[in-house]
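Here the structure is laid out as structure tokens; the discussion comes afterwards.
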Amino acid sequence: MPWTWWHTLPNAITSVRLLLAAACLTLLVVMAGQPMAERASLGFWAIGIFIVAGLSDILDGYLARRWNAVTPFGRVMDPFVDKVLVLGTFMLLAAPGLGDGPHASGVATWMVVLMFAREMLVTSLRGVLEGMGRPFPADRFGKAKMFLQCVTAPAAINMCSHGWFAPASAGVAFATWTLWLAVVATVLSGLPSLGRAAALLRAGGQR
């Protein structure tokens with residue numbers, strides 16, 4: 001299939017998602033310095049931008065596979081932008097201003113440390129294995145982890161801003177349970193990656 005302009009669309013969507021991530025994180029930084037009465041509109045926009053950015057991740061991956069338009073740029077930038085958006089959001093949600101006080105997000109610092117540690121470990125393993133010529137794509141456990149994190153983040157933003165609605169008991173329970181599920185999924189999803197990496201490294205050593 002000849003290369004046409006629309007093959008660049010997945011990479012363009014990835015680039016736009018980086019701008020959306022920057023906008024979402026900027027709103028969270030500004031929101032942290034505002035009194036609760038002033039946070040609702042900022043939270044509304046931060047949640048909306050996060051959701052659009054998350055959906056764009058699904059779209060650009062689908063288009064890249066459908067059009068056979070996977071490029072080195074996309075292979076590097078797509079996971080990088082995902083980490084900027086998701087980990088950056090959780091980091092700010094655990095920071096002073098949003099992670100504490102009577103209207104806290106519920107995200108604790110140790111949860112963010114676990115998320116960072118898992119991503120750094122898997123990214124390091126991927127770099128080593130792909131440097132050896134062994135593909136190491138994300139598996140279904142990693143995708144499930146990403147999905148739970150993307151559900152949790154807007155709920156946590158809403159907890160500390162009342163951006164879409166004032167959390168009642170059901171909203172608080174939903175945010176709390178999804179947060180804990182995301183944390184558990186983050187840890188457990190790293191185990192299959194460790195197993196796959198160990199098997200590939202052993203196979204590589206036997207060549």
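The values are calculated or read from the model by the stated rules, or taken from the named source; none is laboratory data. It should be emphasised that the depicted structure is a prediction, and the values quoted were computed from it without experimental measurement. Please note: Cβ atoms are built from the backbone with ideal geometry, for glycine as well, and neighbour counts cover all protein chains shown.
Just need a number here: residues in region 151-166 that are surrounded by fewer than 22 Cβ atoms within 10 Å (Cβ to Cβ) and either touching a Cys at 6+ places or on another chain (Cβ under 6 Å) or not in a helix (DSSP H, G or I) (or both).
Total meeting the criteria: 4.
Out of curiosity, is Ala94 free of Cβ contacts under 8 Å to residues at least 40 places away in the same chain, of a type in the set (A, V, I, L, M) and under 14 Å from Ser161 (Cα atoms)?
Taking the combined requirement at face value, the residue satisfies it.
Results for (1) at pLDDT 95 or above; (2) crowded, with 16+ Cβ neighbours inside 10 Å, shown as yes or no for each residue.
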{"residue": "Pro2", "(1), (2)": "no, no"}
{"residue": "Trp6", "(1), (2)": "no, no"}
{"residue": "Leu20", "(1), (2)": "yes, yes"}
{"residue": "Cys24", "(1), (2)": "yes, yes"}
{"residue": "Val30", "(1), (2)": "yes, no"}
{"residue": "Pro35", "(1), (2)": "no, no"}
{"residue": "Ala46", "(1), (2)": "yes, yes"}
{"residue": "Val52", "(1), (2)": "yes, no"}
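Of all residues being part of a helix (DSSP H, G or I) and among the charged types (D, E, K, R) in region 49-105, which is farthest from Gly33 (Cα to Cα)? Just the residue, please.
Checking each candidate, the answer is Arg66.
Going by the conditions given, is Asp60 surrounded by 18 or more Cβ atoms within 10 Å (Cβ to Cβ) and more than 22 Å from Thr178 (Cβ to Cβ)?
Considered against the rule, which asks whether it is surrounded by 18 or more Cβ atoms within 10 Å (Cβ to Cβ) and more than 22 Å from Thr178 (Cβ to Cβ), Asp60 comes out as yes.
Out of Leu85, Leu92, I need the residue that is touching a Gly at 6+ places or on another chain (Cβ under 8 Å) and under 15 Å from Thr152 (Cα atoms). Which one?
Answer to the check: Leu85.
Only one of these is buried (at least 16 other Cβ atoms within 10 Å of the Cβ) and among the hydrophobic types (A, V, I, L, M, F, W, C): Leu148, Leu121. Name it.
Leu148
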